[in-house]
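Trainee: This is the structure I have questions about; it appears just below.
The values are calculated or read from the model by the stated rules, or taken from the named source; none is laboratory data. Since this is a predicted model, take the numbers as computed values, not measurements. With ideal geometry, Cβ positions are generated from the backbone for all residues, glycine too; neighbour counts draw on all protein chains shown. All accessible areas refer to the heavy atoms of the entire protein, side chains included, with ligands and DNA or RNA removed. Shrake-Rupley method; radii C 1.70, N 1.55, O 1.52, S 1.80 Å.
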Amino acid sequence: STDQSLCFNSAKEAESGAEVTEISQFFSPEQVVRLTGSNAELGRLEEQAKGNATLHFASPLTLVDGGLLKAQLPLALDETTKATANTLFKLNLPSNLSVWSGTSVSAKDTRGSGVKVFTRGLAYAGVRNVLMSLWLQPEAERVAELVEFYRGRQQGLNQAQSLRKAQLISLSKDPALKSWAAFQLIGPGR
């Protein structure tokens, strides 16, 4: 959509290759910012979040209960210091949507504590909606579902409607829960 930009953030360029390529097609080149490697530091991310950016994180991140606030995020405070989940509470990321496509939740976290702390930290940072994966899908399925999500956004659907449409498309291809239900939207969905 013409009034939005997209900020990809990945600790390593290789972790976001196909994802960046496929999703970028819904934005004009000047609307896409790629923060990878040493450019993925939080100061640059906070600068990008000041506009109407969707913040998209493609790096793997496992959320486990117990010590989550000290868990290392795929972000950098600077070139030598890594961010922890506790860092989220101190950030300024005023954006409507943050997509975390490489997250997975520990099966031992039956109360969802990891998701609660993580999304609460993003909410304190100013993120209104968080779209995150609860488990890792095969890359082709994950990217296909994300492409459909962004296609829905391009067509004017809100986040909740876009996710529902993407999930229904994935469900029509394979009814197995693991193939269509990995993504969860937390927030008002608009």
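Trainee: Give me the one-decimal nm value for the distance between modelled label points at Glu47 and Arg120, 7 Å along each residue's Cα-to-Cβ direction.
Mentor: Taking the two extended label points, one gets 3.3 nm.
Trainee: Convex hull over the Cα atoms of region 100-155, averaged projected area in nm²? Could the numbers behind the result be given before it?
Mentor: Working: hull surface 18.2 nm².
Reported value for the Cα convex hull: 4.5 nm².
Trainee: Between Ala181 and Thr110, what length in nm is gained on full extension when 0.36 nm per residue of separation is reduced by their alpha carbon distance? Walk me through the intermediate numbers first.
Mentor: On the way: separation 71, 0.36 × 71 = 25.56 nm, distance 1.71 nm.
Full extension of this stretch gives 23.9 nm more.
Trainee: Something else: Given H placed on each backbone N at 1.01 Å, which residues far from Asn9 in sequence or on other chains put an amide H within less than 5 Å of it?
Mentor: Residues meeting the criterion, in which the H sits 1.01 Å from N, are Leu35, His56, Phe57, Ala58.
Trainee: Please calculate how many Å² of accessible area region 136-190 carries per residue, with a 1.4 Å probe and no DNA, RNA or ligand atoms counted. List each step's numbers first, then the result.
Mentor: On the way: 2860 Å² over 55 residues.
With the other protein chains kept in place, region 136-190 gives 52 Å² per residue.
Trainee: With the full set of protein chains in place, find how many percent of the accessible area of region 93-178 is carbon and sulfur; take the probe as 1.4 Å. Display every interim value, and only then the final one.
Mentor: Values: 2260 of 4030 Å².
Result for region 93-178: 56 percent of the exposed heavy-atom area is carbon or sulfur.
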